[in-house]
Every structure is written in structure tokens, then in C-alpha cells.
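The values are calculated or read from the model by the stated rules, or taken from the named source; none is laboratory data. On a predicted model such as this, the values are computed, not experimentally measured, just so you know. No Cβ is skipped: glycine too gets one built from the backbone with ideal geometry, and neighbour counts run over all protein chains shown. These area figures cover heavy atoms from the full protein model, side chains too; ligands, DNA and RNA do not enter into them. Shrake-Rupley method; radii C 1.70, N 1.55, O 1.52, S 1.80 Å.
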Amino acid sequence: MEDRIYTPAELGSKLNKTPASLAQWRYMGMGPKFVKIGRAVRYRESDINAWLDGQTRQRTGDTQVSA
């Protein structure tokens with residue numbers, strides 16, 4: 001099964017974030033892993049899901065576990 005590939009605009013829409021916010025996340029190393037194809041940035045669905053799993057918490061005070 002192949003991963004779906006998302007553009008920053010598509011992922012931003014899915015996460016209710018702007019492409020500029022995703023660019024800032026990439027710069028800061030905060031968001032999901034991404035792929036560079038030439039100058040184009042793309043996100044694999046499996047990387048998005050893995051990142052979302054890492055953001056899951058039981059309580060507000062829970063700390064993030066590095067993936």
C-alpha cells in the first residue's frame with residue numbers, strides 16, 4: 001500500500017494551519033517529517049500519522065515523547 005503524498009497546502013487544510021505555519025515548523029524541526037523533491041516540499045501520510053501519534057496525550061501535563 002502506497003502512502004498518499006500531501007502538499008503543504010493540503011496538509012495545512014487538514015490540520016487547520018497555513019502553509020507558512022508549516023514552513024515555520026519545518027524551520028524549527030517541530031512538525032511532521034517531510035520530503036524535498038527539488039524545491040518542492042511534500043509530506044507522506046505515514047509520517048503525518050506518526051507525528052500525530054507522537055502528539056497524543058492523556059493529560060494536559062504530559063510531556064512529549066521524542067519519536
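Which count do you get for residues in segment 10-19 that are in contact with a Gly (Cβ under 6 Å, 6 or more places away or on another chain) and either loosely packed, with under 11 Cβ neighbours inside 10 Å or of a type in the set (S, T, N, Q) (or both)?
Qualifying residue count for the region: 1.
For Leu22, work out the one condition from (1) within 9 Å of the chain's Cα centre (by Cα); (2) under 14 Å from Asp3 (Cβ atoms); (3) open to solvent by less than 50 Å² (accessible area, probe 1.4 Å) it doesn't fulfil.
It is condition (2) that Leu22 fails.
Could you grab me the full set of residues in segment 25-55 that are open to solvent by 90 Å² or more (accessible area, probe 1.4 Å) and either assigned to a helix (DSSP H, G or I) or farther than 20 Å from Asp3 by Cβ (or both)?
Across segment 25-55, the qualifying residues are Tyr27, Met28, Met30, Arg39, Asp53.
In this structure, is Thr7 exposed (fewer than 13 other Cβ atoms within 10 Å of the Cβ) and among the polar types (S, T, N, Q)?
When the stated conditions are applied, Thr7 does not pass them.
Being more than 11 Å from the chain's Cα centre (by Cα) and charged (D, E, K, R) is the filter here; which residues of segment 25-42 pass it?
Lys36, Arg39, listed by residue number.
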